[in-house]
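Colleague: Attaching a single structure in structure tokens format; questions to follow.
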Amino acid sequence: MLSQSTQLEVKNLTTCFRTSKGNVMAVDEISFSLKKGETLCIVGESGCGKSVSALSIMGLLPPSGYVKSGSAIFQNNDLLLMTTKELEKLRGNRISMIFQDPGSSLNPVMRVGDQVSEIFQIHLNISKQEGRKKALEMLKQVEIPDPESRMLAFPHELSGGMAQRIMIAIALACNPDILIADEPTTALDVTIQSQILNLMSEMQLKTQTAIILITHDLGVVAEMADNVLVMYCGQVVEYGDVKTVFNSPIHPYTKALMKSIPIIGKKTRRLDAIPGRVPSLDMLPSGCRFERRCAEKNDNIVSNCQNKIPPIFNVDSLHGSRCWLEKGNE
Amino acid sequence: MITYIIKRLLISIPVLFGILLVTFVLARLIPGDPCKAILGEKATVEVCEKFEKRFGLDQPIHTQFFLYSKRVVVADFGNSIRFSRPVSQILVERFPVTIELALGGLVVAIFAGVFLGIISALKHNTSVDVGTMVLANVGISMPVFWLGLMLAYLFGLLLKDTIFWLPPSGRLTAGLSSIPFFEVWGWEVLKGTSKSKFLEFFANHYIFNALITGNWEIFKDAIRHMILPVIALSTIPMAIIARITRSSLLEVLGRDYIRTAKAKGVKSKNVVSKHALRNAMLPVVTILGLQMGGLLSGAVLTETVFGLSGVGRMLVEAIYARDYPIIQAFTVMIAVAYMFINLLVDISYGFLDPRVRLE
Amino acid sequence: MSKLGKVSKNLSENIDEELLLQKPVSVWKRTIKRLLSKRSGKIGLLLICFIFIIAIAAPVIAPYDPHEVLIGKEIVKLKKREAPCIHVFGCDQAKPQHLMGIDGNYRDQFSRIIYGSRISLSIGFSTVSFAVIGGVLLGALAAFFGGWIDNIIMRMMDVILGFPSLLLAIAIVAVLGPGIRNALLAIAIVTLPAYARLTRASVLTVKELDYVKASLALGASPTRLLLFRILPNSLTPIVVLATLGIATAILDAAGLSFLGLGAQPPSPEWGTMLGSERNQVFSAPHLVFFPGIAIMITVLAFNLFGDGLRDALDPRLND
């Protein structure tokens, strides 16, 4: 990590959704900080609240969602308290976001070049002509072949990888301080995946943009992350730098995740899966949410696990776990 | 894009053939003897033979169809049995009324419908939304002829001595007449020629005619006479367009690319106007052709209610009178107009949605 | 390793058992529940029941016979096209009560409107039944056999759809002669193509599904497949379209009757009643107003119900 300046400080962010069955808590008091030039990976299964966290920070929740409490301090301002107008100035400008399915994330009736130049027109207040010039530059930077004719293409004429490069071009156009990438490679072929990740790394080196990379793919985490945030059922269950979390995980969930990664060449008959299922958000247990699937609980603490939600115990300054087993280790 | 347009044009040809065939067959199938229907029950056999010869009704069926097709293509529809005048002349006099009515209905339906649909969608689930949708539901359930009669009663009788009074029938107030633009401009036009028919066709659009000759009195009068029929006619399409606009816009607003637009920092109003609307309008354009068909059908009923001498009302009368040339000609023209409109809608859809051009 | 393995096995068994014990909710129950939760579906259903009750109980509710001409039968001399006389609202007690007035042939309009509900309902259901059966049959045949059968059937549908619907109905009635039966046939023919296209699209999709191909390969009879597997899965959009189709049929039939091409006088069909009195709208607006309202309420009922049904059956809306 080059510089110690913190770009984003999220504290106790809690987001809920209004459903026909009442209000459901999708994100439960997550906290993290993001430093300049750093890549933070948020890992977890589908539905654990990773995307919702990102959308909450950007103010892009659907109408049924709302931030219940918490703060997200960006350059001395709390994003969660800003008006839409103020957020619109930051979006695409200081904080950008790219999404999972590039094909559906681009406007199908607008030419791709216009969609890129639009972001310049909005934030730099320049004309359409000048915007197009800058857009062409951007397309070259993200290594799109034959950019002049690609500018005139429509999204459905592009492949997935190409479209995601366009999304990256849009996102990094104004040299944002933070880029949030929500499963950017999940919808792409594996070979394209590594190209896109490499592109993101290269751009990051140039611009010192901090990246929040949301994924469920541990391989991506291993390749890209400086720090890792593991989420389960809306809560942070472990955090730390990538080497520590991968080599010495402490939370039983993280441990089980690491164990489930198949090792090529090793002979096994059965892959290690985590038994059971994620509890449904409207029927959460009163204690630790992973308890029913936990392979490490012992009789000493089992009553704690079942009845009280464990807080995050900081094992050392940069590594923590939400598990009663760590109670003595702080 | 060009290939797309050509493809659409080519598909129209068999449709045209189908129209000719169907109208020819239907007109021939109408029971009853046209001779007796026109000349009376007492017409003798010799008179009827002469009658049939004159109107070519004694030829074998396939010859009749061939001759008929030939004539339609050059727009020679023969003479009306009932009026003994060229049908094309009658068309020139009557079609403009229906066109003014249907176009007026279309314009009002589109503007009002889209506007209401957008407002409902943007104020989703508020009282504005619910109220508009209730009105829309009521609107599509109203019989057009009943609405017309009720409007005529309200504005023609109840509000008679107020400024809100609107004429309940006719195209112009009695005593006023529209002077064709070519007469106003002093053009030399021989009566009865194709050129005169062509010019008359345009001149018979009173509103358009008054506009280009600068005759404000006729212009205002003609528009006032059109207000009630157009409102009655446009109500159902307006309600349908409002509903589709609303549901389409709501759906589009939930799509991923709208989220991207917001993430780019596009201002909320621009998200709707620049990104959402163009996509949301696609389903609306799709149904426009169908709505035009409904407008043409509804024009029949509206013309009857408001005493407008348009194509629809004449068609119904011609059916009663077994006036084959008019039945054929009017049905063909209406069907061809409908076909053209659908063609235009298809082509403009190709302009709006680039994905479709690849087909 | 083995101990951990055992623990895992027990855990997974317990958890899966719990899931299995949840009762699956029947599709029908869920549909009905969703239908009744939305306002439009509820109101539509209520209105439809209301109209059905009126139709069934017509002889009981209507004070007069709908065809009964009342000259000379009343104590007080009646005027032709007399305005409504409702005792509760102040009409003189000595005058006989006619809730919706008297029509141009000295008949009680209220009774005629009541009996008219029977006609409208039967128009709606018979037209749609015919159109659905015919359309589904043609669409299924076209999709199942493909080739030139498909081509011919679909071209015929295109020809019908090439005309504005009411105009074609008028033309067909002109050929067959005015009358309620011919009007019904005409409307059915004109609305048939929509069901044919819908069925064809559904069958084409389902036909390509693997389980159908597998069944055919194993020797299953195509007809049985069509009837018992493919069609039931395409039922939903047809049901919705049919409900809305009843509304359109009633409107179109009223339009034809208004023009004199549908139900003929003295039949108390609402469109006919409106049509015969249209020239007197200024002097006797009640004779135009009430039949129109009756049409509107009936059509609205089916439109609302159809909308509610469509939303309730939409598989994308999950609770």
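The values are calculated or read from the model by the stated rules, or taken from the named source; none is laboratory data. All of these numbers come straight from a predicted model, not from anything done at the bench. Here the Cβ positions follow ideal geometry from the backbone for every residue, glycine too, while neighbour counts run over all protein chains shown.
Colleague: Contact list please: Cβ distance under 7 Å, first residue in region B:148-160 and within 7 Å of chain C (Cβ to nearest Cβ), second residue assigned to a loop (DSSP other than H, G, I, E, B) and surrounded by fewer than 19 Cβ atoms within 10 Å (Cβ to Cβ), pairs at least six apart or on different chains.
Modeller: That search, which allows pairs on different chains as well, returns B:Tyr153/C:Phe282; B:Leu157/C:Phe282.
Colleague: Could you look through region B:201-230, keep only residues that are surrounded by 20 or more Cβ atoms within 10 Å (Cβ to Cβ) and aliphatic (A, V, I, L, M), and pick out the one that is nearest to B:Met292 (Cα to Cα)?
Modeller: Per the criteria, the residue is B:Val230.
Colleague: A further question on this structure: Give the residue, chosen from B:Ala222, B:Ala276, that is over 14 Å from the mean Cα position of the chain (by Cα) and under 24 Å from B:Pro354 (Cβ atoms).
Modeller: It is B:Ala276.
Colleague: I'd like to verify a number: residues in region B:298-320 that are in contact with a helix residue (DSSP H, G or I) (Cβ under 6 Å, 6 or more places away or on another chain) and either buried (at least 24 other Cβ atoms within 10 Å of the Cβ) or closer than 22 Å to B:Glu52 by Cα (or both), how many?
Modeller: So the count comes out to 15.
Colleague: Inspect region B:311-326 for any residue being touching a Phe, Trp or Tyr at 6+ places or on another chain (Cβ under 7 Å) and closer than 19 Å to B:Val74 by Cβ and give the result as yes or no.
Modeller: Checking region B:311-326: at least one residue is touching a Phe, Trp or Tyr at 6+ places or on another chain (Cβ under 7 Å) and closer than 19 Å to B:Val74 by Cβ.
Colleague: On to the next question. Taking the conditions exactly as written (within 30 Å of A:Cys174 (Cα to Cα), over 31 Å from the mean Cα position of the chain (by Cα) and surrounded by 17 or more Cβ atoms within 10 Å (Cβ to Cβ)), does B:Val252 satisfy them or not?
Modeller: On the way: within 30 Å of A:Cys174 (Cα to Cα): yes; over 31 Å from the mean Cα position of the chain (by Cα): no; surrounded by 17 or more Cβ atoms within 10 Å (Cβ to Cβ): yes.
No: the conditions fail for B:Val252.
For (1) touching a Phe, Trp or Tyr at 6+ places or on another chain (Cβ under 8 Å); (2) acidic (Asp, Glu); (3) over 26 Å from A:Val237 (Cβ atoms); (4) at pLDDT 90 or above, each residue gets a yes or a no:
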position	(1), (2), (3), (4)
A:Gly44	yes, no, no, no
A:Ser51	no, no, no, yes
A:Ala54	no, no, no, yes
A:Leu106	yes, no, yes, yes
A:Val112	yes, no, yes, yes
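Colleague: To continue, here is another question. Given the condition surrounded by fewer than 20 Cβ atoms within 10 Å (Cβ to Cβ) and in contact with a helix residue (DSSP H, G or I) (Cβ under 6 Å, 6 or more places away or on another chain), answer yes or no: does some residue in region B:329-339 qualify?
Modeller: yes
Colleague: Take the residues in region C:299-318 that are at the interface with another protein chain (Cβ under 8 Å from one of its Cβ atoms) and modelled with pLDDT of 90 or more; name whichever of them is surrounded by the fewest Cβ atoms within 10 Å (Cβ to Cβ).
Modeller: C:Leu300
Colleague: Then there is this: Mind checking which residues of region B:65-100 are surrounded by fewer than 17 Cβ atoms within 10 Å (Cβ to Cβ) and farther than 20 Å from B:Ala321 by Cβ?
Modeller: Matches in region B:65-100: B:Phe65, B:Phe66, B:Leu67, B:Ser69, B:Lys70, B:Arg71, B:Val73, B:Val74, B:Ala75, B:Asp76.
Colleague: I'd like the full set of residues that are at the interface with chain C (Cβ under 8 Å from one of its Cβ atoms) and either assigned to a helix (DSSP H, G or I) or at pLDDT below 90 (or both), limited to region B:135-146.
Modeller: Residues satisfying the conditions are B:Asn137, B:Val138, B:Ile140, B:Ser141, B:Val144, B:Phe145, B:Trp146.
Colleague: On the basis of being buried (at least 22 other Cβ atoms within 10 Å of the Cβ), under 30 Å from C:Asp307 (Cα atoms) and not small (Gly, Ala, Ser), does B:Leu233 make the cut?
Modeller: The answer is yes for B:Leu233.
Colleague: Further question: Could you list, in sequence order, the residues of region B:185-200 that are surrounded by fewer than 16 Cβ atoms within 10 Å (Cβ to Cβ) and part of a helix (DSSP H, G or I)?
Modeller: Answer for region B:185-200, where residues must be surrounded by fewer than 16 Cβ atoms within 10 Å (Cβ to Cβ) and part of a helix (DSSP H, G or I): B:Ser194, B:Lys195, B:Phe198.
Colleague: Could you list all residues from region C:155-199 that are polar (S, T, N, Q) and more than 18 Å from B:Val15 (Cα to Cα)?
Modeller: C:Asn182, C:Thr191, C:Thr199 - these are the residues of region C:155-199 that are polar (S, T, N, Q) and more than 18 Å from B:Val15 (Cα to Cα).
Colleague: Sort out which residues of region C:166-181 are within 18 Å of C:Gly245 (Cα to Cα), in contact with a helix residue (DSSP H, G or I) (Cβ under 8 Å, 6 or more places away or on another chain) and without any contact (Cβ under 8 Å) to a residue 60 or more places away in the chain, and write them in order of number.
Modeller: C:Leu167, C:Leu168, listed by residue number.
Colleague: I've got another one for you. Considering only residues of region A:137-183 that are of a type in the set (S, T, N, Q) and under 24 Å from the mean Cα position of the chain (by Cα), which is farthest from the other protein chains (Cβ to nearest Cβ)?
Modeller: Here is the first cut: in region A:137-183, the ones of a type in the set (S, T, N, Q) are A:141, A:149, A:159, A:164, A:175.
Subset that is under 24 Å from the mean Cα position of the chain (by Cα): A:141, A:159, A:164, A:175.
Working: A:Gln141: 17, A:Ser159: 15, A:Gln164: 12, A:Asn175: 14 Å.
Taking the candidates together, the pick is A:Gln141.
Colleague: In addition: List the helices (runs of 4 or more DSSP H) inside region B:246-359, counting only whole elements, that have at least 2 residues being at pLDDT 90 or above and within 14 Å of chain C (Cβ to nearest Cβ).
Modeller: B:277-306
Colleague: If we keep just the residues of region C:284-296 that are over 14 Å from C:Leu244 (Cα atoms) and within 9 Å of another protein chain (Cβ to nearest Cβ), which is surrounded by the fewest Cβ atoms within 10 Å (Cβ to Cβ)?
Modeller: Out of the qualifying residues, it is C:Ile293.
Colleague: Among the residues in region C:109-116, are any surrounded by fewer than 24 Cβ atoms within 10 Å (Cβ to Cβ) and not hydrophobic (A, V, I, L, M, F, W, C)?
Modeller: yes
Colleague: Select from region A:140-161 the residues that are surrounded by 22 or more Cβ atoms within 10 Å (Cβ to Cβ) and assigned to a helix (DSSP H, G or I) and list them in ascending order.
Modeller: Of everything in region A:140-161, just one residue is surrounded by 22 or more Cβ atoms within 10 Å (Cβ to Cβ) and assigned to a helix (DSSP H, G or I), namely A:Pro155.
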